[in-house]
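The values are calculated or read from the model by the stated rules, or taken from the named source; none is laboratory data. Remember, predicted model here, so these are calculated numbers, not experimental data. Cβ placement follows ideal geometry from the backbone for every residue including glycine, while neighbour counts extend to all protein chains displayed.
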Amino acid sequence: MKKNFRKILTFTLAIIMLLMPADALAKRHQKRDIPLNGIIVNDHIVFSDVAPYIKNSRTYVPIRFIAEELGFDVKWDAKTKKVTMSDGKSTVELTIGSKTMLVNGKKVKLDAPAEIKDQRTFVPLRAIAEAFGKKVEYSNDYRAVCIGDDVRFNKNYRVVYYYDTIDPVITDYEINIVTYRMIVNGEEKRFETVEELIDVILDDFEQYKLTGKSQYGLKVYREPDQLVNALGKDYYTVQLEPTKRVATREDEIRWAEERKKNEVVYTTEVPEEKQLRDDYYVESTEDILVGSWYGPSKVTDNKGGKLDVDVYTYIESLGGNKYKLTNRTILASDKSSQFFSEQYGYYEFLTQTLTVEKSYSVYGQTGYFVNGGWHANAGIHHLDKEEMRLYWDHFDSSDYIDKY
């Protein structure tokens, strides 16, 4: 009986596999398109949750992790779109789209400007590393970059991984991108290709973000503390297991008093009569985006004219800087005419921008909006410094929504 059951089960699974769309398995095991097998810096191989890319023979990297690995703090001015990086001794400034950067106040020409891609700020690696006084070596054989004087690609390195929303981590194990090896607890694991090796470790980093667990061993990687020894050379220390002091009741009272003293209260600009609290209303939380937003706007009718509308946007967090936006658009001249749309967005802390996709769902059309193919556009919201207003497309735009 058991043997017959196994045969039936095997046959059924085989039929399912045959009937499954050809791309279903391909998507599940789709290989990553990784332009670099790693950036070697501070005796580590460094990756992040956004991949570097190559454009016009230049390697672009997310500015955050490369600057922090080199011991620099990064500040972003959203209005001027300027990035400032400093380590206390040197300061580097660059503006998105500009081919000129300032190094300690002196102008330096770039052959390619910094740019924003996938809601992150990317910089030409060689120009920035050299501005920081570091040598950069690229290996075409190993598709890897080494920053620093000790250029060695064929070496066992621990791996540092930078996330956008949680602390960076460092591996307990080591990898070698030349020999395709992974050394875990002294035991060596070999791979057929470097791509297989990279896929395994990146899968582990993704698993850690989702579950907090690693198959091979990870620890929280503290941001580098730059030290200077008697010879003037820079060294970087990694604190793998920071000690924590348990807060006392007196600590909590003192912190609460300090927060209250320093607290700045911002009031909403939304008039009381416009503060709609319907079934879609979202209460504000500590997340600066989560809540209910309102703004007057206009829609284009089928004759090219403009109609005044009230737009209510309810923002919910999906985790990982991703958000769901539910928009309720009501015709100002006829409150019985409305439609709903839903879209996804991604928030970039460095630029304080919420990039939204075109609405994936439209429903609830009534009155004037029953016909017309209405939708919510893709684009970018810019958060103001009070974190109470989202401007559409650019700062000081007449099209905006306010939190209430």
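Within the range 105-179, considering only strands (runs of 3 or more DSSP E) that don't extend past its boundaries, which have at least 3 residues that are surrounded by 15 or more Cβ atoms within 10 Å (Cβ to Cβ) and under 22 Å from the mean Cα position of the chain (by Cα)?
Result: 120-124, 158-162, 169-171.
Do we find that residue 336 is polar (S, T, N, Q), closer than 23 Å to residue 277 by Cβ, exposed (fewer than 13 other Cβ atoms within 10 Å of the Cβ) and modelled with pLDDT of 90 or more in this structure?
yes
Between residues in the range 383-398 that are of a type in the set (S, T, N, Q) and residues that are modelled with pLDDT of 90 or more, which pairs lie under 7 Å by C-beta distance while being six or more apart or on different chains?
Note: pairs meeting the criteria are 397/391.
Report, by residue number, each residue of the range 25-75 that is assigned to a loop (DSSP other than H, G, I, E, B) and at pLDDT below 80.
29, 30, 31, 32, 33, 34, 35, 57
Considering only residues of the range 80-104 that are over 20 Å from the mean Cα position of the chain (by Cα), among the charged types (D, E, K, R) and more than 16 Å from residue 134 (Cα to Cα), which is surrounded by the most Cβ atoms within 10 Å (Cβ to Cβ)?
So, considering only residues that are over 20 Å from the mean Cα position of the chain (by Cα), among the charged types (D, E, K, R) and more than 16 Å from residue 134 (Cα to Cα), the one surrounded by the most Cβ atoms within 10 Å (Cβ to Cβ) is 93.
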